[in-house]
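K.L.:
The following block contains the structure, expressed as structure tokens.
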Amino acid sequence: MIKLLSAVLLFLTQQAFADESVVDQEDWLEDNGLKWQLSVGAFYADMALPKLIGADNSPAHLTLLADIKLQYKNFYLISYSGDFFGGSDVGYQFIQEEEWGLDIIYGSYQLAFTETGYFDTNDPVIKELEGIRDRDPDQSLGIAYYRSVGEYLAVAELVYDVFGDTNGWVFHLEATRNFELRNWDLWLNFGANYYSSNFNNYFYGVTEQERNDYLTPYKPGSGASAFVQAQLNYPIAEDWEFSAGMSFLVGSSEAKDSPLLESNYARVLFTGVKYVF
């Protein structure tokens, strides 16, 4: 998403302002309905994904994370660096009221994997996963209803995998709150997901054709997961912030019972610094 944001901004500014100042460019963008915020940081992340049988479930510890908020009129792209298990990042604001709203949204709600594991590498095929079909990311489209509930923003999303292969749907529910503690900024997010049987079976089911010495046929029903996330930010210099956070997710027994998985939980602990543009 960082590349997407950079490309959009670069295209707009180069096409419209080949000879004008940066200030004039920013004024034009704002006047024409484009708003954006960006921060990028280098982080140490201790991550463990739901463990696939025989596979590595921990990516490299050093990583780049970004906070992105890009909005053009009613269209938006939002990504929060501490949000590993939240809902959609792309949407269109269809209805906007003072206390509530309704968006059309697009996103992915499950991790993809292949017979080489989670990560897109040139590693050899994992013998325990040899012969399985690729589990491609879902490409889900749906609606999100959001409302202010006291100090929290509550969001309910219902999406269907319109452009993917799962033929399933997901119901996502979450609540978010920001706390200001002197110079500290605390972001808290928690929620749950409900996955239809088709959606769950696409990722964690095993067909007869995929049977091997380690995998036996399995067809799960619908499933669920719950998560909690938090992130602390603290300014350490002009345009620089220290950031640290954690995320935890646990899935239901339908995923845990799959021969493809050895665990049904995920966690992320991270800390680093980021530059705010």
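The values are calculated or read from the model by the stated rules, or taken from the named source; none is laboratory data. All values reported here derive from a predicted model rather than from experimental measurement. With ideal geometry, Cβ positions are generated from the backbone for all residues, glycine too; neighbour counts draw on all protein chains shown. Only protein heavy atoms, including side chains, enter the accessible area calculation; ligands, DNA and RNA are left aside. Shrake-Rupley method; radii C 1.70, N 1.55, O 1.52, S 1.80 Å.
K.L.:
Could you check how many residues of the range 138-157 are within 17 Å of GLN93 (Cα to Cα) and of a type in the set (Asp, Glu)?
P.N.:
So the answer is 1.
This table checks each residue for (1) within 19 Å of SER225 (Cβ to Cβ); (2) within 16 Å of the chain's Cα centre (by Cα); (3) at pLDDT below 95; (4) of a type in the set (A, V, I, L, M, F, W, C).
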site	(1), (2), (3), (4)
ASP138	yes, yes, no, no
TYR146	no, no, no, no
VAL162	no, no, no, yes
THR166	yes, no, no, no
TRP169	yes, no, no, yes
GLU174	yes, yes, no, no
ARG177	no, no, no, no
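K.L.:
Kindly provide the set of residues from the range 96-123 that are modelled with pLDDT under 95, open to solvent by 40 Å² or more (accessible area, probe 1.4 Å) and of a type in the set (A, V, I, L, M, F, W, C), ordered by number.
P.N.:
Selection gives LEU111, PHE119.
K.L.:
Now a separate question. Could you list all residues from the range 244-267 that are under 21 Å from ALA175 (Cα atoms) and surrounded by 19 or more Cβ atoms within 10 Å (Cβ to Cβ)?
P.N.:
Listed by number, the residues that qualify are GLY245, SER247, LEU249, GLY251, SER252, ALA266.
K.L.:
Could you list all residues from the range 124-162 that are open to solvent by 70 Å² or more (accessible area, probe 1.4 Å) and under 13 Å from ASP103 (Cα atoms)?
P.N.:
Result: ILE143, TYR145, ARG147, LEU158.
K.L.:
Where the second residue is of a type in the set (A, V, I, L, M) and in a loop (DSSP other than H, G, I, E, B) and the first is in contact (Cβ under 8 Å) with a residue 24 or more places away in the chain and more than 11 Å from GLN139 (Cβ to Cβ) and lies in the range 100-111, which pairs have Cβ atoms under 8 Å and are six or more apart or on separate chains?
P.N.:
LEU111/LEU49
K.L.:
Can we say PHE277 is closer than 25 Å to THR114 by Cα, in contact (Cβ under 8 Å) with a residue 12 or more places away in the chain, open to solvent by 60 Å² or more (accessible area, probe 1.4 Å) and out of contact with any Gly (no Cβ under 8 Å at 6 or more places or on another chain)? Don't jump to the end; show me each part of the working.
P.N.:
Working: closer than 25 Å to THR114 by Cα: no; in contact (Cβ under 8 Å) with a residue 12 or more places away in the chain: yes; open to solvent by 60 Å² or more (accessible area, probe 1.4 Å): yes; out of contact with any Gly (no Cβ under 8 Å at 6 or more places or on another chain): yes.
In short, no.
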